[in-house]
Amino acid sequence: MPLDNAAKYARRFYSETYAKWYSNQDSSALSDPNWSYYAAAIRALFSHTCRRPSVLDLGCGTGRYFQAVPAHSDLTAIDISENMLKHAEQALVECGRSPAGIQCADFRQVNFPPGTFDLIYSVGVLAEYSPLDSALLNKLYVWLKPRGKLLFTALDAQSRPLSLTKKAASLALPFMPARLRGRLYPSIGVHRFYMSEARLLRLFAGTPFAQKAVSRHASESRSWQGAHFVCIGSKSGE
Ligand SMILES: C[S@@+](CC[C@H](N)C(=O)[O-])C[C@H]1O[C@@H](n2cnc3c(N)ncnc32)[C@H](O)[C@@H]1O
């Protein structure tokens, strides 16, 4: 199946140079309060899981959150960027895991059998570099086992407002010459994936998760200003 524009963009955006830069930030990111916040949220998901939970990292990037996953889990990680995955493979090996669990794929197109995972998490991906919609959330629901949990972040649009000029430019983006579009897209194009709280709550409410919790986390990092909604969906025991 051909990649949609968002997936093509994500693959292009995470180029070899960018992936190298991103991975160079990994060691300092691990001492960043944002990392600790999301790592703790991921670890908390494991409190009621079975002995050997199967876990999916959706949009794993360079594998920044692999260390938050207990060693006794079966970890699968998906990302669309081969460049990011090269670093993720190394991160997996450093955690003493097999790189066999890594897949280079568009998670919107890939399919796992129903009930494959105990836990799925996705940090800094949905409603940011990839659109968040009910089709994807319903698919993730199906991939979970009964009593499985999904944790995902969604970028709060209000925390990263566009100036009027950028707003106008974002509307004109699809009509611009490719080179200009490529230059402007990273700063303004993905803005359309960001979520308002109302839209996120509506979207999440429409999914079959038995329990849903949404909180908001503002970045405490100097290098990135903004906030994410942190969403946790729990599947019933069926
Ligand atoms: C900001 S990075 C976050 C990586 C990692 N979760 C972290 O927190 O460090 C976003 C990642 O999402 C991946 N991505 C975006 N859209 C994707 C898609 N449709 N399928 C798979 N991966 C995708 C990108 O390639 C990129 O590595």
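General remarks:
- Ranking by accessible area, most exposed first, for Lys145, Lys139, Lys20 with a 1.4 Å probe: Lys20, Lys145, Lys139
- Pairwise Cα distances in the stretch 3-234 exceed 28 Å for 28 percent of all pairs.
- Note on the chain: GNM, Cα springs under 10 Å; of Ile80, Ile42, Ile188, the largest mean-square fluctuation is that of Ile188.
- Annotation: the antiparallel percentage among DSSP beta bridges lying fully within the stretch 3-234 is about 45.
- With a threshold of 32 Å on the Cα-Cα distance, the over-threshold entries among Lys145/Lys167; Lys139/Lys166; Lys8/Lys149; Lys145/Lys166 are Lys145/Lys167; Lys139/Lys166; Lys145/Lys166.
- Computed with the Debye formula from one identical point scatterer per Cα of the stretch 75-165, without solvent, the log10 of I(q)/I(0) at q = 0.17, 0.19 Å⁻¹ comes to -0.85, -1.01.
- Our summary gives the chain a relative contact order of 19 percent, counting only alpha carbon pairs under 8 angstrom and 6 or more residues apart.
- Most fluctuating residue given options Ser170, Ser219, Ser187, as computed from a GNM of the chain linking Cα atoms under 10 Å: Ser187
- Rounded Å value of the spacing that divides the Cα centres of the stretch 1-75 and the stretch 119-154: 13
- Between 0 and 90°, nearest 10: helix 16-29 axis offset from the chain longest Cα axis: 60
- Among Thr165, Thr17, Thr116, the residue with the largest mean-square fluctuation in a Gaussian network model of the chain, with springs joining Cα atoms closer than 10 Å, is Thr165.
The values are calculated or read from the model by the stated rules, or taken from the named source; none is laboratory data. This is a predicted model, so every value here is computed, not measured. To get the accessible areas, we keep the full protein, side chains included, count just its heavy atoms, and leave off ligands, DNA and RNA. Shrake-Rupley method; radii C 1.70, N 1.55, O 1.52, S 1.80 Å.
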